[in-house]
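Below: one structure, written as structure tokens.
Throughout, read-outs are computed from the coordinates displayed, never taken from laboratory work. Since we're looking at a predicted model, the values are computed, not measured. Counting neighbours? That spans all protein chains shown, and the Cβs are built from the backbone with ideal geometry, glycine included.
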Amino acid sequence: MLFDILEITSLTNFKPIDSPMDSNQKLVRNQGELFLEPKRYRRFVGKLIYITITRPDLSYPVGIVSQFMWNPQIDHWNVMIRILIYVKGNPRN
């Protein structure tokens, strides 16, 4: 399932990163450009929530992006992509 998500989002060619979320980044509601595919955002957040069952290291960042499911912005999408890139580089944490 995880690698299916990476293929769907075209993240298979990205270099891995060492943390799922930038600790200095603050996400807020209703500020910034709206993400134009909110259903896609919700679908991927749902998949990430499912992955947290076996990946407790993702619970915090996934919890953060899940707060914005009903009105996602580009910044929220970018954090979710960062989580996926992290998972790609750390598949068995």
- prompt: So what are the ³J(HN,Hα) numbers for the range 42-55, from phi and the Karplus equation (6.51, -1.76, 1.60; θ = phi - 60°), rounded to whole Hz, Gly and Pro as x?
  reply: 4, 4, 5, 4, x, 5, 5, 4, 4, 5, 5, 4, 9, 10
message: Given points 7 Å out from each Cα along the Cα-Cβ axis, report the Lys39 to Asn78 separation in nanometres with one decimal.
response: 2.7
task: Enumerate the amide H contacts of Gln73 below 5 Å, restricted to partners 5 or more residues apart or on another chain; note that Pro and chain-start residues carry no placed amide H.
output: Phe35
- request: Any chance you could run the full-extension gain for Arg29 through Lys47? It's 0.36 nm times the residue separation minus the Cα-Cα distance, nm to one decimal.
  value: 4.3 nm
field: Gain in span if fully extended, Ile17 to Asp57, counting 0.36 nm per residue against the direct Cα distance
entry: 13.0 nm
- prompt: Along the range 56-64, what does the Karplus equation 6.51 cos²θ - 1.76 cosθ + 1.60 (θ = phi - 60°) give for ³J(HN,Hα), rounded to whole Hz, x for Gly and Pro?
  reply: x, 5, 9, 4, 5, x, 5, x, 5
